[in-house]
Amino acid sequence: MSGLNRRRVLRGVLEGGAVTVALPLLNCFLNGNGDALAGGEPMPVRYGTWFWGCGMAKKIFVPKETGRGYTLTEELEALKNVKDHINVHTGLTAYRDGNFFCHYTGWVVFRTGAAPVVTTQPLAESLDVTIANKIGRTTRFKSLTATATGDVRNVISYENATTPNTPEFSPLSFYTRLFGPDFQDPNAPTFTPNPRVMVRKSALSPVMDRIKALEKEVGAEDKQRLDQYFTGLRHLEQQFDHQLTKPEPRAACVAPKALKEEPVPGTDSTLVAARHKLMTDLMVMAVACDQTRVFNMSMSKSDSNQTKQGYEKPHHTCTHEEPVDEKLGYQPNASWFTRRSMENWAYFVEAFARVKEGDGHLIDNVLIMANTDVSYARVHSLDEMPAFTAGRAGGKVKTGMHIDHKGAQATSLGYTTMKVMGLDVASWGAKSNQTSKEVGEILA
């Protein structure tokens with residue numbers, strides 16, 4: 001069947017604009033199992049992160065058993081329906097390397113590999129950006145970052161030390177960005193290139209031509225600087241090319257109904273959970289529609305300001321001021337907030353598990369790392385920190401386990417996810433946090 005493939009289209013012109021009519025997703029476009037394309041490429045593997053603040057209570061968070069068959073603890077009970085899709089990681093250490101900033105150093109080490117030397121500024125790009133630079137350059141969005149806090153300052157992703165990726169904090173705006181006028185439905189019977197993208201591509205082309213000419217006029221060092229400076233523009237050109245090409249059909253892609261109003265604002269945990277649900281559903285469908293292959297979701301701030309009805313202290317204040325209950329052996333209200341975080345984490349994982357993709361589900365083709373900022377928030381501890389991974393990364397990762405890292409570097413988890421996503425890196429991190437050790441227990 002020479003010349004017939006998933007990008008074969010019928011071309012025409014309508015009112016001066018180019019129009020293409022795509023062929024349907026025929027069986028001959030897929031392999032025999034329906035889990036890869038006919039050319040042999042597997043379903044794409046996507047990478048994501050999820051964040052919650054203020055850690056845990058070790059006594060009722062950390063499972064007693066390791067490996068498979070571990071028993072969920074009180075603070076993890078909400079994960080019962082997603083237990084087979086996740087791994088629980090405990091006993092991780094984020095090293096301070098001479099500096100410490102409360103509710104900041106720990107999560108920055110997890111995500112950038114290095115302890116910050118000043119507050120609110122990491123030393124390097126976050127690992128989601130590193131991965132996006134490899135796998136996210138051909139989708140509409142290199143990456144997407146969202147927060148359920150309603151606070152645009154809740155940054156968890158950095159292009160570099162001075163360039164944060166501003167999170168989407170409004171469900172209504174997030175919907176418009178993803179599924180508004182610029183959305184190209186991959187399953188639509190017709191395809192009309194977006195005129196705005198065509199104009200942007202047209203405007204960029206002469207700039208790129210000038211760049212190529214300029215590089216021939218300068219010395220080696222300046223050429224290297226120019227190359228670094230214009231890398232982003234080259235990647236932008238690639239994205240324009242992709243958006244002007246008929247996207248591959250995606251059976252899992254079903255654009256959600258339009259949001260008509262913002263959810264009720266506020267820091268009450270029930271309101272935050274409602275925003276988290278909306279943002280999660282939008283994020284998952286953006287992934288299913290192949291609008292992005294890298295994503296980040298923040299459920300709370302590191303110094304979480306969420307509140308509980310009938311209780312006078314917000315989460316962060318509670319962790320420091322609530323006494324430990326002598327009978328229980330932990331802070332009951334602080335634990336209440338942690339349990340709400342785990343409910344939201346469970347919803348996030350379930351949302352990927354519900355979407356059918358190929359002969360499996362979307363959760364089978366993602367890898368998500370979830371982390372927090374401390375282990376025990378009352379004393380800002382950075383040892384024995386917890387984290388999670390979720391998803392099977394196209395069969396590269398095993399799930400359903402508890403791994404006790406026994407004090408190993410927290411960066412070993414991020415390094416492992418980078419390797420799984422195909423990055424050729426010999427090590428990752430700086431100073432005491434530098435590692436070249438993979439978490440072998442989860443590798444298939």
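The values are calculated or read from the model by the stated rules, or taken from the named source; none is laboratory data. Bear in mind that the values here come from a model prediction, so they are computed numbers and not experimental data. Positions of Cβ are generated from backbone atoms using ideal geometry, with glycine treated the same way; all protein chains shown enter the neighbour counts.
Restricting the stretch 167-188 to residues that are of a type in the set (S, T, N, Q) and modelled with pLDDT of 95 or more leaves a set whose member that is farthest from A258 (Cα to Cα) is S170. Looking across A132, A188, one residue alone is under 14 Å from the mean Cα position of the chain (by Cα) and not hydroxyl-bearing (S, T, Y). It is A132. Going through (1) within 18 Å of G53 (Cα to Cα); (2) surrounded by fewer than 24 Cβ atoms within 10 Å (Cβ to Cβ); (3) hydrophobic (A, V, I, L, M, F, W, C) one by one, I368 falls short only on (2). A single entry from A124, A188 fulfils the requirement of being small (G, A, S), buried (at least 17 other Cβ atoms within 10 Å of the Cβ) and in a loop (DSSP other than H, G, I, E, B): A124. Is there a residue being more than 30 Å from R354 (Cβ to Cβ), among the polar types (S, T, N, Q), assigned by TED's automatic domain parsing to the domain that holds H361 and modelled with pLDDT of 95 or more anywhere in the stretch 99-106? Looking for residues that are more than 30 Å from R354 (Cβ to Cβ), among the polar types (S, T, N, Q), assigned by TED's automatic domain parsing to the domain that holds H361 and modelled with pLDDT of 95 or more, one finds at least one in the stretch 99-106, hence yes. Looking only at residues of the stretch 53-71 that are under 25 Å from the mean Cα position of the chain (by Cα) and not small (G, A, S), we find that the one that is surrounded by the fewest Cβ atoms within 10 Å (Cβ to Cβ) is V62. Checking each residue in the stretch 156-178 for being more than 13 Å from the chain's Cα centre (by Cα) and either among the aromatic types (F, W, Y) or assigned to a loop (DSSP other than H, G, I, E, B) (or both) picks out A161, T162, T166, F169, S170, F174, Y175.
I'd like the full set of residues that are assigned to a helix (DSSP H, G or I) and among the hydrophobic types (A, V, I, L, M, F, W, C), limited to the stretch 73-103. Answer for the stretch 73-103, where residues must be assigned to a helix (DSSP H, G or I) and among the hydrophobic types (A, V, I, L, M, F, W, C): L76, A78, L79. For A387, the criteria (1) hydrophobic (A, V, I, L, M, F, W, C); (2) part of a helix (DSSP H, G or I); (3) under 30 Å from A274 (Cβ atoms) hold in every case but one, which is (2). Filtered by the rule that a residue be crowded, with 22+ Cβ neighbours inside 10 Å and of a type in the set (G, A, S), the stretch 270-287 gives a lone residue, A286. Of everything in the stretch 80-112 that is within 30 Å of E65 (Cβ to Cβ) and of a type in the set (G, A, S), the residue that is surrounded by the fewest Cβ atoms within 10 Å (Cβ to Cβ) is G91.
The set of residues in the stretch 240-288 being within 13 Å of Y347 (Cα to Cα) and among the polar types (S, T, N, Q) consists of T280 alone.
Residue under question is G106, and the condition is that it be in contact with a Gly (Cβ under 9 Å, 6 or more places away or on another chain), on the phi > 0 side of the Ramachandran plot and touching a residue at least 40 places away in the same chain (Cβ under 8 Å); does it hold? When the stated conditions are applied, G106 does not pass them. Scanning the stretch 222-277 for residues that are modelled with pLDDT under 75 and among the acidic types (D, E) yields D227, E237, D241.
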